[in-house]
Amino acid sequence: METTLKIEVTIEDICEGFVYNELEGKGLFGLAGKLTIQPEYQRNYIYASDGGKREMAVIESVLKGYPIGLIYFNRVSENNLEVLDGQQRITSLGRFITDKFAIKDENGMQYFSTMAKDKKNKILETKLLIYECEGTESQIKEWFKTINIAGVPLKPQELLNAIYSGPFVTLAKEEFSNTQNANIQKWSAYVSGVVNRQDFLERALDWVSTGKIDNYMSRHRKDTNIKELKNYFNGVIDWVSSVFIDVESEMCGLEWGRLFEEYHKKSYDPKKVSAEVHKLYSDPYIKNRKGVFEFILGGSVDTKLLDVRIFDDATKKAIYTTQTAKAKKKGDSNCPHCAIGHDANKNKIWGFGEMDADHVTAWSKGGATSAKNCEMLCKTHNRAKGNR
Ligand SMILES: [Zn+2]
């Protein structure tokens, strides 16, 4: 791969013919049309988020004469360059010069067009440090993989989109990374993350590939349709929303792909499911509401998923003390199960550390996690009662 350092290109040159696409939220062209700011493997413009602090910082840096870092272009042909790294910064510059946002100075908020002439010139005449690279597609991509865009590291899915760029990624991004997609709101009930940072696309790929995203993208790279990806994703969402008719906030971000694979062949009565969700949601002993859905799907047996509240130390110690005092009086073991047995432990007084708290009436049968429903058992007998 060949690289050439360019030091004479000014911000004015770069921003000549700058076009910002509001709908897609990206800067498109610069250098009088010769520069493609957002090739398909680049991510959307994100410097305008968080109240625009980042894009303002770019302009302030330029005004103060601070370097804004190296910029990398890929020379595609004689008259065509693509931004490899620097897209966010260039878009910030272009957006400012076309009055898309203002910065704060001693005279208040300033748009480019209303700025003092000397300041305008300072920006336009600032020279950027640009590396122009020329190489094979795989060289460029390998190298792109190793550079991080200033301050905002690429997410794994953004990286994969770069590595496997092609018709499939383009179509997949149109569907799953597009903030204008009307389905996003529905999906957001089940999928967490930020649309334009590829979190939804990542989830869709994760589900259809059962976790082997890299593989899947490589195999489908040249595909000119995303039917399988779309159908699978919609299948999972439709399944979840038909089994669980109420949307609870804890549903967001669960491993629905895995749950779909495990349970979609079983049949559920949505009304009964809904009643059970409500019952479990109103149970104060359940610490992990996120586990409620898998618990129900699996037939309401695996209480580990719910992380049922256990007895606190103070309760355990109090119960231990009264239980032990009574046992000593009677000459029995302080483990009620040992006391009714016939072996050597019949009279054994266990230490506090040798015992565990247990629900007299199991939680799953309505037993509360309160002192009244607590008894101390020796570890062996507690384990024998099993996880309830
Ligand atoms: Zn015992």
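The values are calculated or read from the model by the stated rules, or taken from the named source; none is laboratory data. Remember, predicted model here, so these are calculated numbers, not experimental data. Don't worry about glycine lacking a Cβ; one is built from the backbone with ideal geometry, like all the others, and counts go over all protein chains shown.
Structural remarks
- Any hit, region 320-330, residues being under 28 Å from the mean Cα position of the chain (by Cα) and of a type in the set (Lys, Arg): no
- Test: residue in region 246-263 that is under 17 Å from GLY366 (Cα atoms) and in contact with a Lys or Arg (Cβ under 7 Å, 6 or more places away or on another chain): no
- Of the residues LYS53, LYS104, LYS117, the single one that is under 27 Å from GLN198 (Cβ atoms) and surrounded by fewer than 16 Cβ atoms within 10 Å (Cβ to Cβ) is LYS53.
- Which numbered condition LYS266 fails, given (1) assigned by TED's automatic domain parsing to the domain that holds SER364; (2) away from the ligand (no atom under 16 Å from the Cβ): (1)
- Number of positions in region 237-273 that are hydroxyl-bearing (Ser, Thr, Tyr) and within 14 Å of GLY299 (Cα to Cα): 3
- Residue in region 82-95 that is under 15 Å from ASP13 (Cβ atoms) and either free of Cβ contacts under 8 Å to residues at least 24 places away in the same chain or small (Gly, Ala, Ser) (or both) present: yes
- Selected residue [surrounded by fewer than 18 Cβ atoms within 10 Å (Cβ to Cβ) and farther than 22 Å from ASN373 by Cα] from LYS279, LYS304, LYS287, LYS329: LYS329
- Residue count, region 245-272 (criterion: surrounded by 13 or more Cβ atoms within 10 Å (Cβ to Cβ) and touching a Leu at 6+ places or on another chain (Cβ under 9 Å)): 4
- Number of positions in region 103-138 that are modelled with pLDDT of 75 or more, under 39 Å from the mean Cα position of the chain (by Cα) and more than 18 Å from LYS64 (Cα to Cα): 7
- Taking first residues from region 54-73 that are in the same structural domain as PHE96 (by TED's automatic domain parsing) and partners that are buried (at least 17 other Cβ atoms within 10 Å of the Cβ) and among the acidic types (Asp, Glu), the Cβ contacts under 7 Å between residues at least 6 apart in sequence or on separate chains come to ILE71/ASP85; TYR72/ASP85; PHE73/GLU82; PHE73/GLU132.
Condition check ((1) of a type in the set (A, V, I, L, M); (2) under 17 Å from GLN185 (Cβ atoms); (3) within 20 Å of the chain's Cα centre (by Cα)) across all residues:
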{"position": "ASP238", "(1), (2), (3)": "no, yes, no"}
{"position": "VAL247", "(1), (2), (3)": "yes, yes, yes"}
{"position": "GLY253", "(1), (2), (3)": "no, yes, yes"}
{"position": "LYS265", "(1), (2), (3)": "no, no, no"}
{"position": "VAL273", "(1), (2), (3)": "yes, no, no"}
